[in-house]
Structures are given as C-alpha cells and as structure tokens.
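Just below is one structure, and these are the notes that go with it.
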Amino acid sequence: MPSHLTVIRDLDDMYHQRARWKREGLVVALVPTMGNLHEGHFSLVKLARKKADRVVVSIFVNPLQFARGEDFEHYPRTLKQDIQALTLLGVDLVFAPEATQVYPEQIDMANEAARATTIVPPAFLTNMLCGANRLGHFTGVTTIVGKLFHLVAPDIAVFGQKDYQQVAIIRQMIYDLNWSIKLITAPTSRTEDGLALSSRNQYLTIEQRVIAPRIYRTLLTLAERLRDGDRQYEKLSRQMTTTFKTIGFDEVDYVEIRHPNTLMPSLETDRCWVLLVAVRLGKTRLIDNIVVEAAFLS
Ligand code: PAF
C-alpha cells in the first residue's frame, strides 16, 4: 500500500506544493470534506484517484457554514483516523488548514458587521430548499470552497450528489468566477437499507435509525408516481410530506420536485426531475435526493 501521504496544515506549504505539481504538469484533483470520513467520502476519493495524477483531500470543519444553534461544536472531528484511511486509499495529500489561517478575521454570518470578504452565491439558487432553512449556509460553503480552490488550485473537484443544491451552487460559482476547474459529481453512497451515507447518521438513536431509510423508499415511491404519469407536483409533495410525518419524522423541511439542471419548480412537460427531501429526526437533519427520468414510451 502506498504510504507517501503528506499532511499540510500551513497555507504557504500548500501554495508551494501546488506550484511544484504545476511545474511538473500534473493533474490535481481536490475532494473537499469536513472530515469524519465514511464510505461516501471514500467513493469520491476513488473517483478522484481515477481522474488525476495527484489527489488532495481537504479536511476542515468550516465554522462559516454552520448557522447559530447548529452542530458546529459537536461536529465529529476524527483527523487521525481520517488520515489513516486516506493513506490506504492512496491519497497524496491531506490539506487540513488551521482555522486561524483560513479565517484570520472573525466572520460571523449572523453579524452583518463582519470584517472579511465572503463569496455570496446568487439568491435564485440559495433562497429555496436548504438555503431557506439554513440562512447563510451557502455563503459559508462557497466562501470556503472558493478559498480551497484558490489555495489548492485543482484541475478537478469532486463533490457528492447527496448535497445536490451545494453542487448546483458550486457549478454556478465556477462558471461565474471563470475558474477552469472540472466539477465531477459522484453518486450518493447508501447503506444496504438505502440510507444515504452522512456523518450526521451517527447522531441517530436506534429507533431513529430504523425510520431513516424510509427517506429513500419514499423517494422511490414518488419516482414511481412520476413515471406513471402523475404531474400534480404540489399535491404529490403534500402527500409525501404527510407520509414522512406518518412514518415518524419529526419535521419535514421540504419535499420538492424540481428541474435537475435549474432547480426551478418542474413544469408539466418535463421528462426528468430531481426529487429533494430534507427531514428531521429529533435534532438531526437528513437530506437526500434522486434524479428520475420518465419511462421511455415506444
Ligand atoms: O459537503 C461538505 O462536506 C462541505 O459543505 C464542504 C464542501 C467540504 C465545504 O465545507
């Protein structure tokens, strides 16, 4: 097994490493993460490994993307185990920068007097779905991802489909800010019973863990209804919301049927949809989505 993994914490060291790779003409892929890595992250890393000469995994629990009252303090930090796992996967570099270097000025998304520059994604992509429930979240995401793109200067960046809206916003940011970075989206990894892998799954109690896989099953039921020709999107969303509540979810932030490219509400003539869900079990918020195509009629 390769054991050449380097860990960089200092921003200057990252610049120098990237410059060396650039001089050698190597293709670099970045997999941004907040650590506490699981099979879902590993699938992103394996994809990156296939596409690039050098793979960088960034590990940084980004305070800026947690709203007040969210789980920033408790978010699991497992750097040592993460590095061990990434060594076995043949990752070249773990970039785990110090928060004081990434954010030398205090930035608080809830405080408008914050004295630092942020990257604010366009409202048409952020004022809905997760953005509507997590104010400032996507500005936190684009700001850190922008910083990582700047620091690592990757040719390729790999993100997971599970965070569908995040991927759409980062794609828009890459386009709007003229980055020449190829964005690759990796399919969602699931447990055998269908639950989308997430670091937050470990917050679930045994009872909640039994309920959680019903998210995916309910999405599949909704997909069937669309394939059967049902186009009453609002009614379908309402029905699925009721289903989630009946099954035992404590809150349903949204069940939405959207256009997979624009994330706009679907039209009756659409033949492809992304079905997006955010629900809560106790304090744990879980998201999932699937992309569905209409059955081919011959
Ligand atoms: O998807 C995540 O884990 C985070 O939002 C990301 C992209 C690493 C930015 O902190």
Of all the residues that make up segment 4-51, how many are more than 16 Å from the ligand (Cβ to nearest atom), assigned to a strand (DSSP E or B) and either under 26 Å from G140 (Cα atoms) or hydrophobic (A, V, I, L, M, F, W, C) (or both)?
3
Criterion violated by G136 - all others in (1) modelled with pLDDT of 95 or more; (2) of a type outside the set (S, T, N, Q); (3) within 14 Å of the ligand (Cβ to nearest atom) satisfied
(1)
Quick one: in segment 187-236, which of the residues that are hydroxyl-bearing (S, T, Y) and free of Cβ contacts under 8 Å to residues at least 40 places away in the same chain is surrounded by the most Cβ atoms within 10 Å (Cβ to Cβ)?
Y233
Is there a residue being in contact with a Lys or Arg (Cβ under 9 Å, 6 or more places away or on another chain) and basic (K, R) anywhere in segment 97-117?
no
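Scan segment 173-201 for residues that are closer than 18 Å to N36 by Cβ and either over 17 Å from the mean Cα position of the chain (by Cα) or aromatic (F, W, Y) (or both) and jot them down. I'd like the intermediate steps shown before the answer.
Here is the first cut: in segment 173-201, the residues closer than 18 Å to N36 by Cβ are 186, 188-191, 195-201.
T191, the sole residue that qualifies.
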Checking the structure you have, find out if any residue of segment 159-179 is farther than 30 Å from P265 by Cα and either surrounded by fewer than 20 Cβ atoms within 10 Å (Cβ to Cβ) or within 14 Å of the ligand (Cβ to nearest atom) (or both).
no
With the condition kept exactly as written, say whether any residue in segment 96-112 is of a type in the set (A, V, I, L, M, F, W, C), over 26 Å from V45 (Cα atoms) and within 16 Å of the chain's Cα centre (by Cα).
no
Restrict the check to segment 89-104 and report whether at least one residue is within 15 Å of the ligand (Cβ to nearest atom), assigned to a strand (DSSP E or B) and either surrounded by 14 or more Cβ atoms within 10 Å (Cβ to Cβ) or among the hydroxyl-bearing types (S, T, Y) (or both).
yes
Per the filter on segment 139-151, residues within 14 Å of L183 (Cβ to Cβ), more than 9 Å from the ligand (Cβ to nearest atom) and touching a residue at least 40 places away in the same chain (Cβ under 8 Å) are F149
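The values are calculated or read from the model by the stated rules, or taken from the named source; none is laboratory data. This one's a predicted model, so the numbers in the text were calculated from it and none came from an experiment. Note that we place each Cβ from the backbone using ideal geometry, even for glycine, and neighbour counts take in every protein chain shown.
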